[in-house]
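> The structure's right below; bear with me while I get my questions together.
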Amino acid sequence: GQHLQHLIDDLRVLALADSGELTLTCRPTEALALLEHTALAYQVQAQEKSIQISVEAQENLPPIDVDPERITQVLNNLVGNALRYTSDGGEIVLSAEQGGAAVLLKIQDNGAGIDAEELPHIFDRFYRGDKSRQQDENSESGLGLAIAKSIVEAHGGAISVASSIGEGTTFTVSLPLATAQIRTPA
């Protein structure tokens, strides 16, 4: 079924990324549009759990040079993840701000948080945190975050995570600005 096909697609993306052959069709893209698109995609799921998804972006952000479909996949993985670990009535904030020659996309939730000893492993393939998460109704392949990392790194970007138990988790994806935007100081 569907789940197996999804797993095969995920593994294919990882294999391509590993060999440096993940084809990216990059073009200057507005970070805000990507975030709004993702928020919209998860609106219904969020409403079902009474979770508020909001988007906030710094004014006049320069475009980032990305493959919009691939980065949407990354954001979907991160927001899907946040929804799973945020309890009813929680909040997920998607934000964008400039940091140097990059734009930082943040996905912040006020969910359960991730154990400090798990944090270094969450981007590992097939890594599943505590056993209680095993029986996941969405039957995640355990590859979502590994894929997010591979795709972001293929863009020359970086992904990191910060979390506190009981307070929530923030994923930060840093993506390079579209080259025309980087002005070397005169």
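> Residue 20 versus (1) in a loop (DSSP other than H, G, I, E, B); (2) farther than 23 Å from residue 149 by Cβ: which is the lone unmet condition?
For residue 20, the failing item is (2).
> Right, another one. Among the residues of segment 103-115, is any more than 16 Å from residue 163 (Cβ to Cβ) and touching a helix residue (DSSP H, G or I) at 6+ places or on another chain (Cβ under 8 Å)?
The answer is yes, given that some residue of segment 103-115 is more than 16 Å from residue 163 (Cβ to Cβ) and touching a helix residue (DSSP H, G or I) at 6+ places or on another chain (Cβ under 8 Å).
> State whether one or more residues within segment 104-118 are of a type outside the set (Val, Ile, Thr), open to solvent by 20 Å² or more (accessible area, probe 1.4 Å) and closer than 25 Å to residue 179 by Cα.
Scanning segment 104-118, I find at least one residue that is of a type outside the set (Val, Ile, Thr), open to solvent by 20 Å² or more (accessible area, probe 1.4 Å) and closer than 25 Å to residue 179 by Cα, so the answer is yes.
> When segment 53-95 is examined, which residues are found to be surrounded by fewer than 20 Cβ atoms within 10 Å (Cβ to Cβ), under 14 Å from the mean Cα position of the chain (by Cα) and among the small types (Gly, Ala, Ser)?
Once the filter is applied, which keeps residues that are surrounded by fewer than 20 Cβ atoms within 10 Å (Cβ to Cβ), under 14 Å from the mean Cα position of the chain (by Cα) and among the small types (Gly, Ala, Ser), segment 53-95 yields 80, 95.
> Shifting gears a bit: Could you list, in sequence order, all residues of segment 164-186 that are at pLDDT 90 or above, surrounded by fewer than 21 Cβ atoms within 10 Å (Cβ to Cβ) and polar (S, T, N, Q)?
164, 170, 172, 174 - these are the residues of segment 164-186 that are at pLDDT 90 or above, surrounded by fewer than 21 Cβ atoms within 10 Å (Cβ to Cβ) and polar (S, T, N, Q).
One line per residue, one yes/no per condition, for (1) at pLDDT below 95; (2) closer than 19 Å to residue 159 by Cβ:
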site	(1), (2)
54	no, no
60	yes, no
94	no, yes
109	no, yes
112	yes, no
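The values are calculated or read from the model by the stated rules, or taken from the named source; none is laboratory data. The shown structure was predicted, so the numbers you read here are calculated from the model rather than taken from an experiment. In this analysis, Cβ positions are derived from the backbone assuming ideal geometry, glycine residues included, and neighbour counts consider all displayed protein chains. Surface accessibility is based on the protein's heavy atoms, side chains included, excluding ligands, DNA and RNA. Shrake-Rupley method; radii C 1.70, N 1.55, O 1.52, S 1.80 Å.
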